[in-house]
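Asks: Attaching a single structure in structure tokens format; questions to follow.
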Amino acid sequence: MSKLPPEIRAKLQEWGAGADPALNQKSKALFASLQAPATGVAQELDISFGAHARQKLDVYHVADGKQGKTIVIYIPGGGFTGGDKHSPGQFTYDNIMKWANDQGMVGVEINYRLAPTNRFPANIEDTEAAIRWVKAHAKEFKADPARIALIGGSGSGKTTLMRVMAGLYDASSACYSFDGALYPGVRDLRRIST
């Protein structure tokens, strides 16, 4: 919190801790001023990794010539029934991509088919398909297909953990869930090596 501008820090302290929709909207408005467009970042949006309209991903990368970059794949939350990599008014996911690029990594956001129309394990299958696509195309973005960090929040945090626990994701790579459950490799986002 010490890196936040003083006026934002003061507002957050004034509001205190809470989890209500009004506070959420005020927080989004407060942080909107910090959302500078990423410069020097190539964005390749809505790349299909499957036949369904929701099976799309975005890749954010810096063309700096460095090889072997770590890939951060973010799976947005939404309780398996909602959520999107680009929900209106949602800047968090793009910030994760910007953060990844600022750390010298490649950022990837994915969408997956939603319940109840698409029943379990559709979300797992889509995550697996997206990971396969990313591994197959990693070199195009100067990334290392063996260095992938999965990050997810809410329902996708559970999806992330299911990938690891089912043995369908290489647990020697980093994996982090915003649901409060940390699973192997990384215990802190700051420790993802570039």
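Asks: Within the range 94-122, which residues are outside any loop (DSSP other than H, G, I, E, B) and under 23 Å from A146 (Cα atoms)?
Replies: I96, M97, K98, W99, A100, N101, D102, V106, G107, V108, E109, I110 - these are the residues of the range 94-122 that are outside any loop (DSSP other than H, G, I, E, B) and under 23 Å from A146 (Cα atoms).
Asks: Looking at (1) open to solvent by 10 Å² or more (accessible area, probe 1.4 Å); (2) assigned to a loop (DSSP other than H, G, I, E, B), can you tell me which one R132 breaks?
Replies: So R132 meets the others, but not (2).
Asks: Residue check, Q25 against (1) open to solvent by 80 Å² or more (accessible area, probe 1.4 Å); (2) at pLDDT 80 or above, all met but one. Which one?
Replies: (2)
Asks: Let me ask something additional. Taking E140, is it more than 25 Å from K158 (Cβ to Cβ), without any contact (Cβ under 8 Å) to a residue 60 or more places away in the chain and either of a type in the set (D, E) or open to solvent by 60 Å² or more (accessible area, probe 1.4 Å) (or both)? Write out each step before concluding.
Replies: Numbers: more than 25 Å from K158 (Cβ to Cβ): yes; without any contact (Cβ under 8 Å) to a residue 60 or more places away in the chain: yes; either of a type in the set (D, E) or open to solvent by 60 Å² or more (accessible area, probe 1.4 Å) (or both): yes.
Against the criterion (more than 25 Å from K158 (Cβ to Cβ), without any contact (Cβ under 8 Å) to a residue 60 or more places away in the chain and either of a type in the set (D, E) or open to solvent by 60 Å² or more (accessible area, probe 1.4 Å) (or both)), E140 qualifies.
Asks: May I pose another question? Which of the numbered conditions does E125 fail, given that it passes all the others? Conditions: (1) among the acidic types (D, E); (2) under 19 Å from D84 (Cα atoms); (3) part of a strand (DSSP E or B).
Replies: (3)
The values are calculated or read from the model by the stated rules, or taken from the named source; none is laboratory data. Just so we're clear, the structure is a prediction, and the values are computed from it rather than from any experiment. For neighbour counting, all protein chains shown are included, and Cβ atoms are generated from backbone atoms with ideal geometry for every residue, glycine included. The protein model used for the area step is the full one, side chains on, heavy atoms only, and it has no ligands, DNA or RNA in it. Shrake-Rupley method; radii C 1.70, N 1.55, O 1.52, S 1.80 Å.
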